[in-house]
Each structure stands twice: as structure tokens, then as C-alpha cells.
1. Going residue by residue through segment 31-50, is there one that turns out to be in a helix (DSSP H, G or I), modelled with pLDDT under 85 and surrounded by 11 or more Cβ atoms within 10 Å (Cβ to Cβ)?
2. Select from segment 5-30 the residues that are part of a helix (DSSP H, G or I), exposed (fewer than 11 other Cβ atoms within 10 Å of the Cβ) and at pLDDT below 90 and list them in ascending order.
3. Which ones in segment 58-82 are among the acidic types (Asp, Glu) and in a helix (DSSP H, G or I)?
Amino acid sequence: MRGKRGRPRSRPDTLLADRGYDSQPHREGLRARGIRPIIAKRSTEHGSRLGRERWVVERTFSWLHQYRRLRIRYERRADIHEAFLSLACSLICLKQVRSPFC
């Protein structure tokens, strides 16, 4: 199946960020690049539901950081690091499949 012609898009469509990035220059810079900013406001309550999407990413990073070789990168070669990353992802998936409380 063929995709669109031309160079593949390398920018994201939207960017999720927490209150630390809430400023007008950040928002304008993202819009100038064609990226829709979803940034929590500083003076609002914590009911923005922004953490619902970000939690998935942070949880996955914490699962990967259980493996010391991935937390502190000792390998200089990218292919070896990628092999350890693939192995860790396989072990994480195996744990999730075996867990009765998925």
C-alpha cells in the first residue's frame, strides 16, 4: 500500500504538556510550526484530563527503567541498545499477558 508522496512528515500534529510549559511564547512557537499545543493552564484546577494520555507514556518508561541496562545506557552501539529494548518490551508484554489482573 502506498502512502502520500513526498518527504514523510516528521512533526507531530499535537503536543501534550504540563503546567511547566504554560507560556505564550511556547504556544506561539508551536503554532508557527503547525503543531497544536495542548498545555495545561497554570492558574486552573487539576481537572484538565491532560494526565490521562501522559500517564500511559510515563508508566511505560517506568516499566522500561526496571531494566538497568536501559535506565543507564552502557552500550555505544545503537543496534545493541535496540536489541535490549526489544527484549525488555517482550518481557513486559509477557508479564502483562500472564497477569490475571490485566
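The values are calculated or read from the model by the stated rules, or taken from the named source; none is laboratory data. Keep in mind that this is a model prediction, so the values were computed, not measured. As a convention, Cβ positions derive from the backbone with ideal geometry for all residues, glycine included, and neighbour counts pool all protein chains shown.
1. Filtering segment 31-50 down to residues in a helix (DSSP H, G or I) leaves 31-32.
Now drop any that are not modelled with pLDDT under 85, which leaves none.
No: segment 31-50 contains no residue that is in a helix (DSSP H, G or I), modelled with pLDDT under 85 and surrounded by 11 or more Cβ atoms within 10 Å (Cβ to Cβ).
2. Gly20 - this is the single residue of segment 5-30 that is part of a helix (DSSP H, G or I), exposed (fewer than 11 other Cβ atoms within 10 Å of the Cβ) and at pLDDT below 90.
3. Of segment 58-82, the ones among the acidic types (Asp, Glu) are 58, 75, 79, 82.
Selection gives Glu58, Asp79, Glu82.
The rows are residues; the columns are (1) free of Cβ contacts under 8 Å to residues at least 12 places away in the same chain; (2) in contact with a Pro (Cβ under 9 Å, 6 or more places away or on another chain); (3) of a type outside the set (A, V, I, L, M).
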| position | (1), (2), (3) |
| --- | --- |
| Arg11 | no, no, yes |
| Ala17 | no, yes, no |
| Ala32 | yes, no, no |
| Pro37 | no, no, yes |
